[in-house]
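Read the structure below first, then the notes.
The numbers here are math on the coordinates, done by the rules we state, and not lab data. Quantities reported herein were computed from a predicted structural model and do not represent experimental measurements. Reconstructed Cβ throughout: ideal geometry from the backbone, glycine too, with neighbour counts over all protein chains shown.
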Amino acid sequence: MYKNIFLCFFLILTRSLSWGLDGKEALSEEENIYQKIANVAITVKGKEYPLSAFYSKSPIIIAQVFTRCTGICMPFLLQLKTNLQFIQTGKSYKILVLSFDPRDSESDMQQLAETFSLQNDSNWIFATTDEIETLNNSTGFRALWDSSSLQYSHEALLTGINSEGIIKKKLIGMKNREAISNLISEINHGFIPSYSIPGQNSMLNCFNYDPVSGKNKPGIGFLIMAVPALATFLLVLLLGYLSKGLYHRRT
Amino acid sequence: MNPQHLNILILFIVMLIIIVGVFVYVYRTSLPRNTEGSGQSGLSNPNQKRFLFFVILAAVLVILLTATLPKTPYYYFANEEPAKVVFVVARQFSFAMSYQSGKPGTPPPNEAIELPAGKTVEFRVTSNDVNHGFAIYDTQNQLIVQTQAMPGYVNRLRWKFEQPGHYSIRCLEFCGAAHAFMESSFLVK
Amino acid sequence: MAELKHKRVLSLWILTVFLLFVASIIMGILMRLTQGNAMKMDVSGFFEIMTVHGATMIGIWFVAGMASVHYLLHRYVRVTTWINLFAMVFTVIGVVMLWCAAFIGKFHAGWTFLYPLPLFVAWKHWATPVFLSALGVLSVGWLVWSVGMLVAIFKKYTLQQAFGWQYFKKVHQVDTPPFILITVVTLIGIVACLLTALLLLGLFFSEIASGNKLVHDALLMKNLTYFFGHTVANEILYLCLATLYELLPEVSGRPKWKNSWYIALAWNATMIFILFAFFHHMYMDFVQPEAMQVIGQLASYFASLPAVAVTLFSVLAFVFKNSIRWTTTNLLFFLGTMGWIIGGVGAVIDSTISANVFLHNSLWVPAHFHTYLAMGSVLMSLAFFNWVVFDFYNQSEPEKISRLQIILLLIGGFGFLLMFYLGGAYSIPRRFNVYPSQLSIGSALALAAAAFAVVYLIAIILINIRIVKRCIKIFSSASS
């Protein structure tokens with residue numbers, strides 16, 4: 001039986017390793033950090049605004065997608081939406097979904113909003129821009145056109161902009177709730193002294209930062225840390241009760 | 001020696017003198033020539049004095065705690081926007097420092113660093129292999145602030161350099177044979 | 001006859017400890033000489049010596065404390081000699097493996113073997129598993145020893161009595177000697193940190209077995225490492241304090257110390273605080289949550305409070321204006337208490353987060369732990385050795401340590417330590433084999449420290465020479 005437990009344990013551990021294969025991307029999340037975002041003109045529901053009109057009101061998270069994507073864009077947006085529903089930070093922010101495909105029209109973006117039932121959600125803005133290249137350079141986003149599949153090969157990128165228009169934090173790839181909470185905290189002038197490089201840690205992490213409470217929650221690693229001390233106290237209790245009175249009985 | 005180090009040393013030396021003084025004094029009271037004839041023996045009311053001693057000790061510790069706990073280094077300059085951010089990747093046995101973050105799959109970029117005096121700067125410190133230290137020594141070769149470089153994590157250290165000049169970086173976590181030679185520097189203008 | 005059997009095993013422990021102690025001091029002096037540029041040592045050689053010096057010193061004073069407590073336990077409960085011998089065999093095997101890993105296998109990741117350094121092999125490939133296994137062997141041996149002693153105690157005392165909880169009630173029938181209480185509290189800490197060591201070693205071996213594919217969280221590993229390393233080093237002193245409570249009044253010809261509610265409370269509190277103090281090793285890891293850092297400082301401060309408030313006060317009040325028959329034993333206990341308190345002040349300063357920014361991994365760190373080891377628990381252990389090997393109560397004239405020995409010990413010991421403290425104040429890093437030209441003051445301090453350490457070594461040999469002679473006599477006479 002013990003062998004099986006050990007095997008399961010080992011399997012879970014190695015599994016956690018394979019989740020982390022995208023970890024090499026981590027450092028590029030740092031690209032363009034603390035730089036001012038290019039103040040491009042964006043079109044929302046037929047009207048043109050400068051980007052600053054949005055971030056000066058409240059911090060924004062830019063998600064760059066294209067509507068004809070058969071790959072990551074849809075699951076990425078869906079996951080973002082689901083995650084945000086669970087994050088009650090009380091902090092202000094808006095999600096700006098921007099197309100990086102020149103073929104995308106205003107109505108394509110509105111249709112996308114409707115697909116996710118977000119057309120009436122004031123926190124979500126779906127927009128296009130004519131200055132795709134400028135914006136891509138500013139956020140460090142890269143999309144390569146693949147003419148065989150008629151698709152862009154690109155990363156899933158979230159760029160967090162604070163109310164001064166500074167890029168505070170970027171997230172590449174499908175991220176968990178904590179990473180997104182972190183992002184929201186950072187664009188709202190939060191400071192987190194440390195963050196982990198995704199994929200480089202096993203599931204035995206000691207702590208996970210929770211920006212909602214501003215505290216680290218104990219992870220599995222923390223429980224492991226407590227095991228020896230707990231085991232010791234249990235052992236002492238056991239020894240104490242097992243040996244109780246032995247001496248007196250014998251003498 | 002900078003003032004913080006000097007204060008720490010003075011505090012320690014003063015405590016050392018007090019402790020040695022008390023022990024020598026107590027020892028001398030126990031010598032036969034001092035106990036005979038004086039008619040006195042031992043401490044009167046020991047339990048009352050023990051309680052007093054405990055209360056004083058606890059009070060000193062609580063005062064020290066309340067004075068020092070708010071000064072932790074984790075949120076230095078947290079409310080300011082850094083003027084420059086420096087990405088630091090520590091590895092056996094050097095620091096790669098750059099204004100640019102590394103690209104996936106390539107060696108970390110390394111360039112000469114110049115930082116503005118009097119402005120907040122941020123170091124994002126990580127390690128490519130084992131645990132390293134990232135300690136900043138000022139122009140007088142005194143340790144002014146430090147953090148650890150831990151694989152898998154990025155530690156953010158913010159600081160404001162007031163004095164222009166050459167600052168050194170040293171590794172303070174034992175990282176292998178060439179640990180003592182692991183250093184780098186930057187210029188503050 | 002049982003006493004003689006215990007004494008024989010003990011004298012074997014004392015001889016082992018003394019031999020390894022002298023060897024380790026010499027290694028220390030060699031390191032300081034290298035840092036002072038007075039001699040050349042190749043880089044890996046320096047760190048091999050550093051690894052062995054650290055592991056051996058911690059190991060021998062740990063077993064010295066354990067053997068002392070084991071010996072005194074037979075006054076109260078039935079302890080067998082076989083667990084003592086078992087521990088000795090495991091200790092000898094462990095130490096031999098450790099020395100082989102370092103000196104033949106060139107392993108030099110430091111005795112704290114901070115993850116993942118031991119896996120970045122810069123030595124013979126077999127050295128890492130052998131070093132880790134050596135620690136495993138030591139942990140298992142010592143775990144059996146600790147649990148054996150706990151079982152022996154629990155056979156006579158119930159849990160409540162062992163922890164001295166009956167003193168919180170108005171009336172109580174059974175007395176728990178302070179010695180038993182402190183021993184129980186200390187052994188529990190020891191069991192916890194040895195279990196941690198085994199868990200940590202398990203994680204190391206799982207990574208080695210997976211061909212380094214399985215990567216562990218560096219923060220978790222660091223926490224586990226210091227839970228083990230800090231706690232085991234700290235408990236050495238408490239083992240010594242147990243012997244102090246038992247023997248100091250006795251050898252001074254005074255009534256034994258009685259247990260009371262505040263002693264019980266103090267040591268119960270210490271047992272809890274000691275488990276959290278190790279967090280102060282992670283102060284400069286900003287990834288550790290701030291709550292843990294604050295707990296670390298609170299626990300470090302308050303771990304010292306009860307033990308110091310009760311023990312220091314008791315020792316001082318015991319001596320103050322009381323005619324004491326000063327002998328080697330009680331004088332060394334007294335001086336050891338002083339060294340412990342001085343080291344404690346250094347430790348409290350270092351465990352203050354805002355001071356730790358300047359002191360972390362500087363020479364201040366070895367300064368404080370060398371103080372409470374070299375001038376604290378070593379002196380207390382020597383006090384015990386001295387007491388146990390001489391037939392204390394049948395001597396017409398109590399032997400006395402000479403003034404010269406005391407002066408040499410104090411000058412050598414504190415001179416050597418002061419150089420460490422000054423090094424810390426001058427921001428000299430620890431664990432450097434040479435100092436860069438900007439930190440050349442470190443070399444000057446190292447040379448002075450080496451000179452003082454030689455004086456300390458001479459004092460230690462002078463004090464020990466009679467103890468060692470007696471040990472050999474006890475051991476050989478009994479076997480014939």
Item to check | In sequence order, calculated HN-Hα J values of region A:144-160 (Karplus, 6.51, -1.76, 1.60; Hz; x Gly/Pro) | outcome: 10, 7, 10, 6, 5, 9, 6, 10, 8, 8, 8, 9, 8, 10, 10, 10, x
Item to check | 5 angstrom amide H check on B:ALA117, placed H, neighbours 5+ away | outcome: B:LYS189
Item to check | Nearest 10 degrees, 0 to 90: helix C:261-273 Cα axis against chain C principal axis | outcome: 20
Checklist entry - Amide H to amide H, which residues 5 or more places from B:SER185 or on other chains are under 5 Å from it, using H placed in the peptide plane? => result B:ILE169
Item to check | Spatially proximal aspartates and glutamates relative to B:LYS189 (Cα-Cα < 17 Å; intrachain offsets below 8 disregarded) | outcome: B:GLU111, B:GLU114, B:GLU122, B:ASP138, B:GLU162
Checklist outcome for this item: Sequence order, region C:99-109: Karplus ³J(HN,Hα) from phi using 6.51 cos²θ - 1.76 cosθ + 1.60, θ = phi - 60°, Hz rounded, Gly and Pro as x, gives 5, 5, 4, 7, 8, 9, x, 6, 5, 8, 8
Checklist entry - Against the longest alpha carbon principal axis of chain C, how many degrees, from 0 to 90 and to the nearest 10, is the axis of helix C:328-350 turned? => result 40
Checklist entry - When Cβ neighbours within 10 Å are restricted to other protein chains, what is their mean count per residue of peptide B:76-83? => result 3
Checklist outcome for this item: Between the modelled labels at C:LEU198 and B:ILE63 (7 Å from Cα along Cα→Cβ) the distance in nm is 4.7
Item to check | Selected from C:THR311, C:PHE385, B:GLY133, residue furthest toward positive end of dipole (the protein assembly as shown; charges at beta carbon) | outcome: C:PHE385
Checklist entry - Where does helix C:290-307 land angle-wise versus the long Cα axis of chain C, in degrees 0 to 90, nearest 10? => result 30
Checklist outcome for this item: Ranked output for segments C:449-456, A:130-137, A:152-159 by mean other Cβ atoms within 10 Å, highest leading, reads C:449-456, A:152-159, A:130-137
Next on the checklist: I'd like the Kirkwood hydrodynamic radius of region B:75-188, using the inverse of the mean 1/r over distinct C-alpha pairs, in Å.
Outcome noted: 14.1
Checklist entry - What does the charge count near C:THR34 come to, summing +1 for each Lys or Arg and -1 for each Asp or Glu among other residues with Cβ under 13 Å from its Cβ? => result +1
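When DSSP assigns beta bridges and you keep just the ones with both residues in the protein assembly as shown, what percent turn out antiparallel, to the nearest 5?
Approximately 75 percent, going by the DSSP bridge assignments.
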Checklist entry - Kirkwood Rh, Cα Rg: Rg to Rh for region A:22-218? => result 0.95
Checklist outcome for this item: Taking B:5-18, C:235-248, B:146-159 and ranking on average Cβ neighbours within 10 Å, highest first, one gets C:235-248, B:146-159, B:5-18
Item to check | Net charge of Cβ neighbours under 13 Å - reference C:HIS108; Lys, Arg +1; Asp, Glu -1 | outcome: +1
Checklist entry - So how do C:406-417, C:59-70 stack up, highest first, on mean other-Cβ count within 10 Å? => result C:59-70, C:406-417
Item to check | 10 Å Cβ neighbours from other chains, averaged over peptide B:139-149 | outcome: 6
Checklist entry - Which percent of Cα-Cα pairs in region B:3-72 sits in each 10 Å bin, short to long? => result 15, 30, 31, 16, 7, 1
Next on the checklist: Using the Karplus curve 6.51 cos²θ - 1.76 cosθ + 1.60 with θ = phi - 60°, what ³J(HN,Hα) values do you get for each residue of region B:149-166, in whole Hz, with x for Gly and Pro?
Outcome noted: 9, 10, x, x, 10, 10, 9, 9, 10, 10, 8, 10, 8, 8, 8, x, x, 8
Item to check | Dimensions in Å of the protein assembly as shown - Rg and Dmax from alpha carbons | outcome: 31.1, 109
Checklist entry - Near the amide H of A:LYS94, under 5 Å away, which other amide H atoms are found, from residues 5 or more places off or on another chain, if H is placed in the peptide plane? => result A:ILE60, A:ILE61
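Is chain C rounded, prolate or oblate when judged by the Cα gyration tensor, a ≥ b ≥ c being the square roots of its eigenvalues, rounded requiring a/c under 1.5 and prolate requiring a/b larger than b/c?
rounded
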Checklist outcome for this item: Note on region C:1-97: alpha-carbon gyration tensor, axes a ≥ b ≥ c; rule is a/c under 1.5 for rounded, else prolate if a/b larger than b/c, else oblate; result prolate
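Provide a whole-number value for the mean count of partner chain Cβ atoms within 10 Å of the Cβ atoms in peptide B:11-17.
5
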